[in-house]
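The values are calculated or read from the model by the stated rules, or taken from the named source; none is laboratory data. Only a predicted model underlies this, so the values are computations on that prediction, with no experimental measurement involved. Note: ideal-geometry Cβ built from the backbone for every residue, glycine included; neighbour counts use all protein chains shown.
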């Protein structure tokens with residue numbers, strides 16, 4: 001049988017966009033004769049930082065080499081696939097292990113989301129030992145052998161299942177079903193019947209897994225075959241007193257059986273411990289706090305998760321070299337931050353307090369034949385009547401401003417919370433734009449004020465676009481496309497009447513037809529995504545959405561360059 | 001609601017040998033509290049100085065309380081001392097005899113004293129037996145508000161059905177002493193490590209019989225499944241099968257600012273070994289309750305043996321700030337005749353179960369006919385493993401078996417120095 005080679009869209013995009021010759025490694029999941037290539041690592045000369053093989057979810061591993069050049073002269077590595085991308089023609093060629101050219105299939109994010117599910121393994125392990133490099137290394141060695149032993153167990157909370165070394169304990173009747181079947185059988189009872197699940201898969205399915213340690217033994221096992229002893233050692237010593245916060249990811253085929261999960265999770269844990277040990281030893285050497293926090297990132301340009309460990313003692317500023325190296329290795333845009341702490345992956349399916357994240361994901365698409373450009377990264381949906389405040393009728397521009405501010409916060413551009421109404425009003429008084437009676441009033445604000453506040457509180461400048469009537473919005477296509485392509489921030493629009501947030505634009509340059517992705521701050525209901533999308537509080541709107549007899553001002557926040 | 005108590009009628013043997021004089025007999029009621037009923041499986045007669053006593057007022061409270069303390073150490077998790085039983089020519093419950101009142105409140109205090117022993121209820125039972133004319137009166141006394149109300153105490157000719165759950169737990173706990181704990185006693189160190197273990201146990205989930213069950217399902221459900229599957233085929237004997245509990249531990253840390261750094265420690269205490277836990281429950285006991293009982297059993301057993309160990313050490317041994325291995329007594333399970341739930345006894349290194357026979361007979365007020373049935377499952381440690389190169393002292397509780405390696409080492413050095421001095425001077 002032939003090898004089946006699949007390559008993710010995002011890998012191909014990055015290879016074909018390369019502006020100079022380069023070589024590197026490709027990472028993917030190999031199963032029998034199939035390989036799915038999901039990630040890449042460019043060879044960066046003189047890069048002293050660590051490689052990135054540890055940051056992928058298990059079982060993604062080094063499985064191929066690549067070269068981008070004008071002619072394919074690169075020798076391949078034995079036993080690995082090789083991908084060549086012609087820099088001029090952008091044509092891709094794949095060579096199998098025997099250097100024979102072979103066919104391949106391109107897979108989209110959606111395909112990967114439905115084929116692989118993410119297991120997020122969480123837990124903690126105490127790290128307490130004598131404070132020396134060797135004892136710390138010994139402790140990790142012990143930990144690894146402990147994790148590799150039979151005493152490791154996992155609980156997949158969403159599946160009501162315990163996965164042990166030798167068996168699976170599951171609430172379902174028959175154990176011999178796939179993860180997907182089990183998940184669906186368990187979630188059926190809770191799902192409201194009128195919502196069908198035949199939606200397009202737009203994000204990864206993440207199942208939470210707890211790391212457990214078996215404390216009991218079988219009656220006959222020989223280990224520690226004696227009643228408890230107490231060993232007192234009263235030597236004074238220096239110790240490290242910390243714990244390893246486990247938070248790592250594994251990918252598992254949704255049609256895999258539960259019995260296949262154990263090894264993958266165990267492997268994920270071992271990988272994570274190695275990554276952690278390295279960071280911990282570095283902190284220990286530098287004599288800083290030993291607290292290390294894990295972060296998961298899902299940059300859309302990557303098409304896969306990356307798990308990074310950041311020492312708590314280091315600020316985002318301190319980590320800029322590390323991030324730059326990562327951008328270079330992954331061949332990502334070096335003008336846009338993707339690995340600041342604020343960029344971390346947020347699973348919108350988890351119930352969280354506060355505003356919804358990215359409510360536009362999954363809205364009904366329109367068929368305009370044009371190119372769609374929309375906001376890049378996460379933002380929060382602010383609208384009327386949130387946090388127990390009745391601002392219905394006057395607060396829409398404040399809310400739109402808050403949505404904009406949340407975007408800057410979640411991209412890691414600013415390190416401050418989203419300003420409150422009070423802060424916004426106080427700011428406008430402070431800069432003498434408003435009299436002091438403005439604080440606490442119910443006076444509305446417009447795009448000029450939004451511009452002032454963004455500049456004063458967040459240090460963000462805006463470009464202002466003016467249209468004299470709603471109809472004129474149809475001519476703003478190219479400018480808006482340019483904004484979303486190069487800036488990617490949400491736009492506040494206000495004017496004679498209501499304020500809104502523009503999240504995207506679909507512009508067909510041939511017909512001139514244009515649609516706007518609108519987020520409406522006038523929604524007064526609860527944080528219910530279904531209502532918001534189906535009732536059009538977030539959705540695509542034609543030009544007629546804008547009032548013909550009203551003027552409009554748009555605030556286009558300009559984004560700082562850099563990572 | 002009236003408290004409901006059920007006992008199998010083999011506990012009646014307690015009353016057979018009750019003395020006929022006016023002094024009366026006091027015993028402890030041992031059993032398990034269920035959701036709507038309590039189950040009593042043993043009445044243990046408390047020791048009394050027989051000779052000089054003549055009236056009920058002369059009952060030595062201390063003897064009863066000490067008896068209760070000893071018995072409570074020996075009970076499996078989920079079993080408690082529910083109250084006292086009195087056999088006396090007069091009804092001591094109406095009005096409640098002041099002696100009984102004080103006994104019950106002090107009993108409650110004694111049982112509550114060590115929090116590892118679990119939860120003494122604030123409502124204690126008093127069962128009063130009047131030999132002539134063979135009358136039982138049972139009341140419930142509320143210690144906190146002093147109210148007394150009738151309780152329903154029934155005897156059944158059927159044996160109570162107990163379900164047994166087994167768990168063998170590995171303890172491997174390391175406790176680092178804070179800088180300030182340098183001056184603390186061994187007892188305090190042990191208390192600290194026990195607290196650490198208890199915190200850990202709070203994060204343990206027990207999986208019984210390798211089956212996934214919700215917390216509110218009861219033990220009966222473990223035996224029902226197979227009936228429906230194969231039609232009429234049912235294995236009756238299956239009901240008696242003891243179930244094994246698997247303990248899974250989820251580590252959890254509250255982040256504290258003192259963490260994540262290098263700090264000074266004045267030493268460490270490690271507790272390592274295997275503990276055998278075995279509990280007995282009634283059919284309606286839920287998975288959540290079983291899990292609580294197991295935790296209670298484990299903590300109680302650990303705390304009891306450590307307490308016994310510390311009690312057995314001399315002043316000097318406790319205060320010595322030296323490196324040593326302590327070997328607390330091990331748990332041995334013993335059966336009383338015709339009683340299903342077993343009691344625990346603790347044997348010091350070198351002791352065998354037979355040695356304990358007489359003291360057990362006294363504690364439980366029984367005579368063992370023939371051999372004592374016991375299970376010694378934890379085992380003694382092979383101490384040679386712990387001595388390889390480290391200079392440590394083993395502190396055993398029997399004074400005969402004391403190895404003072406470092407002391408011997410020191411003696412040898414002194415001897416050598418003396419010899420050298422002697423030779424060269």
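Scanning for something closer than 30 Å to residue A:320 by Cβ and touching a strand residue (DSSP E or B) at 6+ places or on another chain (Cβ under 7 Å), does the stretch A:461-473 turn up at least one residue?
Looking for residues that are closer than 30 Å to residue A:320 by Cβ and touching a strand residue (DSSP E or B) at 6+ places or on another chain (Cβ under 7 Å), one finds at least one in the stretch A:461-473, hence yes.
Which residue, of A:233, A:247, is within 14 Å of chain B (Cβ to nearest Cβ) and touching a residue at least 12 places away in the same chain (Cβ under 8 Å)?
Result: A:247 is the single residue among A:233, A:247 that is within 14 Å of chain B (Cβ to nearest Cβ) and touching a residue at least 12 places away in the same chain (Cβ under 8 Å).
Being assigned to a strand (DSSP E or B) and either surrounded by fewer than 21 Cβ atoms within 10 Å (Cβ to Cβ) or away from every other protein chain (no Cβ under 14 Å) (or both) is the filter here; which residues of the stretch B:144-170 pass it?
Those that are assigned to a strand (DSSP E or B) and either surrounded by fewer than 21 Cβ atoms within 10 Å (Cβ to Cβ) or away from every other protein chain (no Cβ under 14 Å) (or both): B:148, B:149, B:150, B:152, B:153, B:154, B:155, B:156, B:163, B:164, B:166, B:170.
Among the residues of the stretch B:269-285, are any surrounded by fewer than 20 Cβ atoms within 10 Å (Cβ to Cβ) and more than 8 Å from every other protein chain (Cβ to nearest Cβ)?
Within the stretch B:269-285, one or more residues are surrounded by fewer than 20 Cβ atoms within 10 Å (Cβ to Cβ) and more than 8 Å from every other protein chain (Cβ to nearest Cβ).
Among the residues of the stretch B:352-380, how many are closer than 15 Å to residue B:329 by Cα and modelled with pLDDT of 80 or more?
6
Going residue by residue through the stretch B:188-195, is there one that turns out to be under 23 Å from residue B:76 (Cα atoms), touching a residue at least 12 places away in the same chain (Cβ under 8 Å), within 8 Å of another protein chain (Cβ to nearest Cβ) and not in a loop (DSSP other than H, G, I, E, B)?
yes
Mind listing whichever residues of the stretch A:320-353 are farther than 21 Å from residue A:246 by Cβ and without any contact (Cβ under 8 Å) to a residue 40 or more places away in the chain?
Across the stretch A:320-353, the qualifying residues are A:333, A:351, A:352, A:353.
Are there helices (runs of 4 or more DSSP H) fully within the stretch B:281-368 with at least 1 residues that are touching a residue at least 40 places away in the same chain (Cβ under 8 Å), farther than 30 Å from residue B:199 by Cα and out of contact with any helix residue (DSSP H, G or I) (no Cβ under 7 Å at 6 or more places or on another chain)? List them.
Numbers: elements: B:287-312, B:315-319, B:357-364.
Here the list reads B:357-364.
For the stretch A:167-181, enumerate the residues that are modelled with pLDDT of 75 or more and either exposed (fewer than 11 other Cβ atoms within 10 Å of the Cβ) or within 12 Å of another protein chain (Cβ to nearest Cβ) (or both).
Result: A:167, A:168, A:169, A:170, A:171.
Restricting to the stretch B:258-277, count the residues that are on the phi > 0 side of the Ramachandran plot and part of a strand (DSSP E or B).
2
Do we have any residue at all in the stretch A:92-113 that's surrounded by 15 or more Cβ atoms within 10 Å (Cβ to Cβ), within 28 Å of residue A:307 (Cα to Cα) and over 28 Å from the mean Cα position of the chain (by Cα)?
No, that holds for no residue.
With the condition kept exactly as written, say whether any residue in the stretch B:28-40 is assigned to a loop (DSSP other than H, G, I, E, B) and farther than 30 Å from residue B:333 by Cβ.
The answer is no, given that none of the residues of the stretch B:28-40 is assigned to a loop (DSSP other than H, G, I, E, B) and farther than 30 Å from residue B:333 by Cβ.
Check residue B:259 against each of (1) in contact (Cβ under 8 Å) with a residue 60 or more places away in the chain; (2) over 20 Å from residue B:345 (Cα atoms); (3) surrounded by 18 or more Cβ atoms within 10 Å (Cβ to Cβ) and name the one condition it does not meet.
With (1) in contact (Cβ under 8 Å) with a residue 60 or more places away in the chain; (2) over 20 Å from residue B:345 (Cα atoms); (3) surrounded by 18 or more Cβ atoms within 10 Å (Cβ to Cβ) applied to residue B:259, the lone miss is (1).
Scan the stretch A:273-305 for residues that are under 10 Å from the mean Cα position of the chain (by Cα) and facing another protein chain (nearest Cβ under 10 Å) and jot them down.
none
Is it fair to say residue A:366 is part of a loop (DSSP other than H, G, I, E, B), more than 17 Å from the chain's Cα centre (by Cα) and either closer than 23 Å to residue A:418 by Cβ or in contact (Cβ under 8 Å) with a residue 24 or more places away in the chain (or both)?
Yes.
Does residue A:225 count as assigned to a loop (DSSP other than H, G, I, E, B) and not assigned by TED's automatic domain parsing to the domain that holds residue A:61?
It is true that residue A:225 is assigned to a loop (DSSP other than H, G, I, E, B) and not assigned by TED's automatic domain parsing to the domain that holds residue A:61.
Does residue A:311 count as surrounded by fewer than 21 Cβ atoms within 10 Å (Cβ to Cβ), touching a helix residue (DSSP H, G or I) at 6+ places or on another chain (Cβ under 9 Å) and either at negative phi or within 14 Å of chain B (Cβ to nearest Cβ) (or both)?
yes
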